[in-house]
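Working notes, structure below.
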Amino acid sequence: MRMSLSSASPASREEIGDIFIGKDDVFKGITVEEDQVPNDPVLFEKKLISSLTHWKSKERRGIWIKIPISASQCIPLAVKQGFVFHHAQPTYVMMTLWLPEGENKLPKYTSHYIGCGGVVLNEKNEILLITEKERPELFKIPGGALDAGEEIAQAVEREVWEETGIKAKFESVLGFRHLQNYFFGHPDIYFICSLKLSPESTTINIDPKEIAKCSWKPFEEFVAMATYPTQKTVARLVNEYVKNGYRGFKPVPIAIFNRPGGNSLHYQGTDADFSDLMNPKKLEKSMIITSTN
């Protein structure tokens, strides 16, 4: 089992002499933040060698060093001591070293792209479709990539609004597509979501920088123009949604330890919560109510 990046313990630190200040985790690892990395390469190398000697004596395992771009001259010195690149951002590079012998158990960097598309229907059961400027004849549902820190619901509402000017409220995840070898050899997960059209939102106002066309199309017309796999998948899900009562996976907020923000579980089932499991009569009533809706 690989170690999890989410398992860091709260701000446990150590500082002994000329070694780096490190934040430890439950897997006996150490993370050195960028504010601890000196710009002076001579000082950096000295502290790194002393730190490695100390960490090995303490049987530390995974070592993480976040080197800011201002100290990029220190990167070759870390490589000299056996560190490798884990990931990079515009202002830093994260380097790691696995100290024990054997297989490196440190988790790899994020391996997937995440995107979403919104199925929005009007009172005529017409579907909201767009074409992109790069492919002006290829109609698709509006959507795009999640921004950092966004929930699926937030992202799909934002993308529909930005691309079409239509306000709609997230209802559920109808399904998702898992695509291999998307960008740079990484897979992509694309969530197809249902949204409820806001009654006051009737005027289409496209983003002219990205969108060529936007219009409401009869579902049958969308089916006729579906030529590539994702279009066909969306058409199948919309058919189930409109004609067969399928409602997809609804979101439920959940609290994750040490992970603030909008965390949620998407599932298909009754509205019973955990406390209902301890009350069989209440649970049975919840199931009856749900089955009659």
Criterion violated by L179 - all others in (1) closer than 29 Å to K108 by Cα; (2) among the aliphatic types (A, V, I, L, M); (3) assigned to a strand (DSSP E or B); (4) open to solvent by less than 50 Å² (accessible area, probe 1.4 Å) satisfied: (4)
Sole residue being open to solvent by less than 40 Å² (accessible area, probe 1.4 Å) and part of a loop (DSSP other than H, G, I, E, B), chosen from L106, L97, L174, L128: L106
So E150, is it at pLDDT 90 or above, open to solvent by less than 50 Å² (accessible area, probe 1.4 Å) and out of contact with any Phe, Trp or Tyr (no Cβ under 7 Å at 6 or more places or on another chain): no
The one condition in (1) at pLDDT 90 or above; (2) outside any strand (DSSP E or B); (3) of a type outside the set (K, R) that S275 fails to fulfil: (1)
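Looking at the structure I just gave you, is A168 touching a residue at least 60 places away in the same chain (Cβ under 8 Å) and small (G, A, S)?
Details: touching a residue at least 60 places away in the same chain (Cβ under 8 Å): no; small (G, A, S): yes.
So A168 fails the test.
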Filter result for E123 (under 30 Å from L237 (Cα atoms), out of contact with any Asp or Glu (no Cβ under 6 Å at 6 or more places or on another chain) and in a loop (DSSP other than H, G, I, E, B)): yes
Residue check for T110: more than 16 Å from the chain's Cα centre (by Cα) and of a type in the set (S, T, Y): no
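Here is a yes/no grid of residues against (1) assigned to a helix (DSSP H, G or I); (2) of a type in the set (K, R); (3) within 24 Å of the chain's Cα centre (by Cα):
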site: L195; (1), (2), (3): no, no, yes
site: T227; (1), (2), (3): no, no, no
site: V242; (1), (2), (3): yes, no, no
site: Y246; (1), (2), (3): no, no, no
Among (1) modelled with pLDDT of 70 or more; (2) in a helix (DSSP H, G or I) - the single one V252 does not satisfy: (2)
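Tell me, yes or no, whether region 183-200 has at least one residue that is under 18 Å from V119 (Cβ atoms), free of Cβ contacts under 8 Å to residues at least 12 places away in the same chain and either open to solvent by 80 Å² or more (accessible area, probe 1.4 Å) or not polar (S, T, N, Q) (or both).
yes
The values are calculated or read from the model by the stated rules, or taken from the named source; none is laboratory data. Source: prediction; values computed, not measured. Reconstructed Cβ throughout: ideal geometry from the backbone, glycine too, with neighbour counts over all protein chains shown. What goes into the accessible areas is simple: the full protein's heavy atoms, side chains included, and nothing from ligands, DNA or RNA. Shrake-Rupley method; radii C 1.70, N 1.55, O 1.52, S 1.80 Å.
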